[in-house]
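**Student:** One structure, pasted below without further comment.
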Amino acid sequence: MKVLYVSSECAPFIKTGGLGDVAGSLPKALAAKGAEVAVVCPLYSKISHDWRSKMTFVKSMYVQLAWRNQYCGIFVYEADGVKYYFLDNEYYFARNQVYGEYDDAERFAFFSRAVLEMLPAINFRPDVINCNDWQSALVPVYYNLNYNYRPWYEGIKTVFTIHNIQFQGQYGREILSYVLGIDDYHFDNGFMQQDGDVNLMKAAIVCADRVTTVSSTYAGEIQTPFYGFHLDAVLRWNQGKVCGIVNGIDTDSFNPETDPHLFKNYTVDTLEDKKVNRRQLLEMCGLQADDDTVVIGMVGRLTSQKGLDLVQCVLSDILEQDVRMIVLGTGDYEYEQMFINAKWQYPDKISTNIMFSADLANKIYAGCDLFLMPSLFEPCGLAQMIAMRYGTLPLVRETGGLKDTVKPYNQYTGEGTGFSFTNYNAHEMLGVIGKACYLFRHNKEAWKAMQVKGMTSDFSWDHSAQDYMNVYEDTIKNW
Ligand code: ADP
């Protein structure tokens, strides 16, 4: 089976969040299952020179986007049985940031169009194209409008994966023909339109052969008004082609036994060495703590999705207890300021790190006792799985992938790999933090048993990659 995996980011080349991790690890797992896999991603100027020097130039072509005719270079890099293609156009991709530019619609429309144009040029005719999120949502749209009747392309199946339904690629109708090169008719008939705007994700949901999302719980949630961000009805109409497959993590790079970022590597058998990481992390962050103090970590985007309104509500109550907090993230000004202010107010209790650092992230996963992730919604979430892999117990809200991957502690049976609460309520969260701290101080054995369960749980892609293969096979045969 030949699979083309289309993503706007891909670790380790370029990553802003979970999508980058998935694009960096799922294709490898598909290749290990016997698929012939190619990944394609824009060649951003932010991709380091080290990586660029390892790529080989394949050829160049011109890509038509409405009235524009734009250059596109194709580069390739091969590793772990996967070919990674990079599409080069400095006008679109030599920018200071990956997303958030004034012309994102045009940049990613160019990318989507170039992906389809590239296929005959590299002589790779996939059986399935798996595209991801709004940035590549135009791939199935262009495929259905402009390519599927051409003999070379005929019969290719498209799968669209939603990693976060909050970001849909919404633009005014004026971009439709002028920028995207799609006839206005498709706005008026509703295909490209949602709530009066052009909506790229909606169009992909309608026209892709299959729609997947990144956990079973989220697959159900997004079909309800609260979680669906106005696309719930479209998803319900297309219910038959929607399914959820939980993400895995790259267990080779997130491995406490070999992770080069750690102060000291450890395994379930040498869990004592996790304490070395705890001690040195605290020292690095300028904090002091004894063995009974609970060190709470947070790593992630500082946005309301991540439950920061709850944290804001009870941050002082948390920090008044015998805990230390180490926060790493960037995001909304309001939440960055909240943690910066907390540092002024509680200088001995909290370390605030407003930046993106894979090195510090891994040190936090390894050096903390508890990992706080009380998301309002969470399609899958990788951070909680990484934390468990490093023996740090997650405390999460029961939503999306958090519900599917963290088994809550049961005080009667001792079962569980973390802690959870149900309602989006700050004091419910505070209560569970209190219980977790109590357990940490008074029942070290139960704590350690949960650490071991988390560290030995299977978070690899093995099982989920098979689920993707089954979806691809079924789509090829039956859709
Ligand atoms: P999302 O995709 O919603 O941002 P996930 O939990 O699925 O959240 O994935 C986030 C990934 O990005 C994790 O690997 C996490 O460690 C990483 N990450 C997020 N923020 C930072 C940061 N400031 N520094 C380093 N890594 C980060």
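**Student:** When only residues in segment 352-367 that are near the ligand (Cβ under 8 Å from one of its atoms) and not in a helix (DSSP H, G or I) count, which is surrounded by the fewest Cβ atoms within 10 Å (Cβ to Cβ)?
**Tutor:** Checking each candidate, the answer is M355.
**Student:** Need pairs with beta-carbon distance below 7 Å; first residue closer than 17 Å to K15 by Cα and within segment 351-367, second of a type in the set (A, V, I, L, M, F, W, C) and near the ligand (Cβ under 7 Å from one of its atoms); sequence gap 6+ or separate chains.
**Tutor:** Filtered contacts from segment 351-367: S357/L328; L360/L328; A361/V299; A361/L328.
**Student:** For segment 251-274, give me each residue that is in contact with a Gly (Cβ under 9 Å, 6 or more places away or on another chain) and either aromatic (F, W, Y) or closer than 20 Å to M298 by Cα (or both).
**Tutor:** Within segment 251-274, the subset in contact with a Gly (Cβ under 9 Å, 6 or more places away or on another chain) is 253, 256, 262-263, 266, 268, 271, 274.
Answer for segment 251-274, where residues must be in contact with a Gly (Cβ under 9 Å, 6 or more places away or on another chain) and either aromatic (F, W, Y) or closer than 20 Å to M298 by Cα (or both): S253, P256, L262, F263, Y266, K274.
**Student:** So in segment 368-379, with the set limited to residues that are within 11 Å of the ligand (Cβ to nearest atom) and within 15 Å of V311 (Cβ to Cβ), which one is farthest from the chain's Cα centre (by Cα)?
**Tutor:** Going through segment 368-379, the residues within 11 Å of the ligand (Cβ to nearest atom) turn out to be 371, 373, 375, 377-379.
Still in the list and also within 15 Å of V311 (Cβ to Cβ): 371, 373, 375, 378.
Working: F371: 18, M373: 14, S375: 14, E378: 10 Å.
Out of the qualifying residues, it is F371.
**Student:** Right, another one. Going by the structure shown, is E428 touching a strand residue (DSSP E or B) at 6+ places or on another chain (Cβ under 6 Å) and of a type in the set (D, E, K, R)? I'd like the intermediate steps shown before the answer.
**Tutor:** On the way: touching a strand residue (DSSP E or B) at 6+ places or on another chain (Cβ under 6 Å): yes; of a type in the set (D, E, K, R): yes.
In short, yes.
**Student:** While we're on this one: Right, F377: of a type in the set (F, W, Y) and touching a Leu at 6+ places or on another chain (Cβ under 9 Å) or not? Working first, answer last.
**Tutor:** On the way: of a type in the set (F, W, Y): yes; touching a Leu at 6+ places or on another chain (Cβ under 9 Å): no.
Answer is no for this residue.
Yes/no per residue for (1) part of a loop (DSSP other than H, G, I, E, B); (2) away from the ligand (no atom under 14 Å from the Cβ); (3) over 21 Å from the mean Cα position of the chain (by Cα):
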residue	(1), (2), (3)
G381	yes, no, no
Q384	no, no, no
M388	no, no, no
P394	no, no, no
G414	yes, yes, yes
N423	yes, yes, yes
M429	no, yes, yes
K435	no, yes, yes
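**Student:** Can you name the number of the only condition in (1) more than 24 Å from G454 (Cβ to Cβ); (2) touching a strand residue (DSSP E or B) at 6+ places or on another chain (Cβ under 9 Å) that V294 fails?
**Tutor:** (1)
**Student:** Sort out which residues of segment 396-405 are more than 9 Å from the ligand (Cβ to nearest atom), in contact (Cβ under 8 Å) with a residue 40 or more places away in the chain and either assigned to a loop (DSSP other than H, G, I, E, B) or crowded, with 24+ Cβ neighbours inside 10 Å (or both), and write them in order of number.
**Tutor:** Quick first cut of segment 396-405, residues more than 9 Å from the ligand (Cβ to nearest atom) only: 396-400, 402-405.
So of that shortlist, the ones also in contact (Cβ under 8 Å) with a residue 40 or more places away in the chain come out as 397, 399-400, 403-405.
Within segment 396-405, R397, T399, G400, T405 meet the criteria.
**Student:** Within segment 44-102, can you find the residues that are touching a residue at least 60 places away in the same chain (Cβ under 8 Å), within 20 Å of Y142 (Cα to Cα) and in a strand (DSSP E or B)?
**Tutor:** M61, Q64, L65, F86
**Student:** Go through segment 1-27 residue by residue and tally those that are within 16 Å of the ligand (Cβ to nearest atom) and either of a type in the set (F, W, Y) or not in a strand (DSSP E or B) (or both). Break it down stepwise before answering.
**Tutor:** Start the filter on segment 1-27 by keeping residues that are within 16 Å of the ligand (Cβ to nearest atom), which leaves 7-26.
Still in the running and either of a type in the set (F, W, Y) or not in a strand (DSSP E or B) (or both): 7-9, 11-13, 15-26.
Matching residues across segment 1-27 total 18.
**Student:** Right, here's the next one. All but one of (1) assigned to a helix (DSSP H, G or I); (2) more than 24 Å from the chain's Cα centre (by Cα); (3) buried (at least 20 other Cβ atoms within 10 Å of the Cβ) hold for L180; state the number of the condition that does not hold.
**Tutor:** Looking at each condition in turn, L180 falls short on (1).
**Student:** Identify all residues within segment 183-217 that are part of a loop (DSSP other than H, G, I, E, B), within 13 Å of L138 (Cα to Cα) and out of contact with any Cys (no Cβ under 9 Å at 6 or more places or on another chain); write none if there are none. Even if it seems obvious, please write down each step before you answer.
**Tutor:** Step one: filter segment 183-217 for residues part of a loop (DSSP other than H, G, I, E, B), giving 183-184, 189-192, 195-196, 208-209, 214-215.
Next, only the ones that are within 13 Å of L138 (Cα to Cα) stay: 191-192, 208.
Answer for segment 183-217, where residues must be part of a loop (DSSP other than H, G, I, E, B), within 13 Å of L138 (Cα to Cα) and out of contact with any Cys (no Cβ under 9 Å at 6 or more places or on another chain): just M192.
Only the coordinates and a few stated rules stand behind these numbers; no lab work does. In this text the structure is predicted, and so the values were computed from the model without any measurement. Glycine also receives a Cβ, built like all others from the backbone with ideal geometry; neighbour counts cover every protein chain displayed.
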